[in-house]
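Beneath this line is the structure, given in structure tokens, with notes to follow.
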Amino acid sequence: MREEQPVVFVIDDDPSLRDALADLLRSVGLEPRVFKSPQEFLASERPDSPGCLVLDVRLPGQSGLDFQQGLAASGIDLPIVFITGHGDVPMTVRAMKAGAIEFLTKPFRDQDLLDAIQAGIERDRGRRQDAVLVAELRTRFDSLTERERQIMAHVVIGQLNKQIAAALEVSEVTVKVHRGQIMRKMRAKSLPELVRMADRLDVSTRKS
């Protein structure tokens with residue numbers, strides 16, 4: 001499938017800066033969407049495509065840092081590049097600890113901003129691809145029977161067929177048959193691959 005064009009969202013209350021950033025982004029082939037406030041951004045319809053958010057720290061009402069926390073709490077997972085004319089060390093540390101890509105103090109070099117945005121887009125692209133993979137693995141796991149899920153939970157922690165049979169009070173032959181079904185349904189070519197799948201799905205004997 002063709003990937004959607006990456007989008008860069010800009011939230012800043014300075015109209016001249018919004019326009020300048022939009023022109024800069026278009027000049028390198030990126031699609032800008034600019035907003036004067038977090039509220040305007042939240043009310044907008046966002047495309048299902050890789051993206052990055054360029055966010056001013058000081059905004060009327062809610063600060064950019066507080067908005068960053070609110071985004072995470074609401075499940076909007078966009079990499080953030082902060083820009084500010086009044087940065088300080090505690091502010092920078094808070095932003096970076098909360099997952100910001102970069103914290104740039106005005107005036108900043110265009111290339112520094114573009115590099116940070118590109119890093120954000122790549123991070124979001126990776127997150128989206130990862131989400132697709134996990135959803136596919138979840139679909140495969142959901143196709144397993146309850147007994148197969150139980151056995152898989154034991155298999156991925158390294159237990160032998162004999163140990164699994166004893167733990168579940170079934171025959172070794174039954175365990176062996178189910179193991180084959182598990183590998184087929186999960187499309188795992190080896191035990192290490194199945195273990196990696198289970199790790200992504202957080203499968204354990206506690207959840208069997």
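Bridgeable lysines around K106 (alpha carbons under 19 Å apart, same-chain partners fewer than 8 residues away excluded): K36. For the stretch 143-207, the ratio of Cα radius of gyration to the globular rule of thumb 2.2 N^0.38 Å stands at 0.98.
In µm²/s, what is D for the stretch 133-172 at 25 °C and 0.890 mPa s, where D = kT/(6 pi eta Rh) by Stokes-Einstein and Rh is the Kirkwood radius from Cα pairs? The calculation lands on 225 µm²/s.
Altogether, the Stokes-Einstein calculation at 4 °C and 1.567 mPa s, with the Kirkwood radius of the chain over Cα pairs as Rh, returns a diffusion coefficient of 65 µm²/s.
The charge dipole of the stretch 143-207, taken about the Cα centre with unit charges on the Cβ atoms of Lys, Arg (+1) and Asp, Glu (-1), comes to about 220 debye, rounded to the nearest 20. Rounded to the nearest Hz, the phi-derived 3J(HN,Hα) couplings of the stretch 33-48 under the Karplus curve 6.51 cos²θ - 1.76 cosθ + 1.60 (θ = phi - 60°) are 9, 10, 9, 8, 7, x, 5, 5, 4, 5, 7, 7, 8, 9, x, 8, where x marks glycine and proline.
Here K162 is the anchor, and the lysines within straight C-alpha reach of less than 29 Å, apart from those fewer than 8 places off in the same chain, are K176, K185, K189, K207. Along the charge dipole of the chain, which of L168, L30, F108 sits closest to the positive end, that is, farthest toward it, with unit charges on the beta carbon of Lys, Arg, Asp and Glu (+1, +1, -1, -1)? So the residue we want is L168. Under a 5 Å amide H cut-off, with hydrogens placed 1.01 Å from N, I83 pairs with L55, D56, V57, L104 among residues at least 5 apart or on other chains. Using C-alpha pairs under 8 Å with a sequence gap of at least 6, the mean separation divided by the residue count of the chain gives a relative contact order of 15 percent.
Only Lys, Arg, Asp and Glu carry charge here, each on its Cβ (+1 for the first two, -1 for the last two); on that basis the stretch 7-131 has a dipole of about 200 debye about its Cα centre.
Each reported figure results from applying straightforward, stated rules to the coordinates on display, with no laboratory input. Note that the structure is predicted; figures quoted are calculated from it, not measured. Virtual Cβ from ideal backbone geometry, glycine too; neighbours counted across all protein chains shown.
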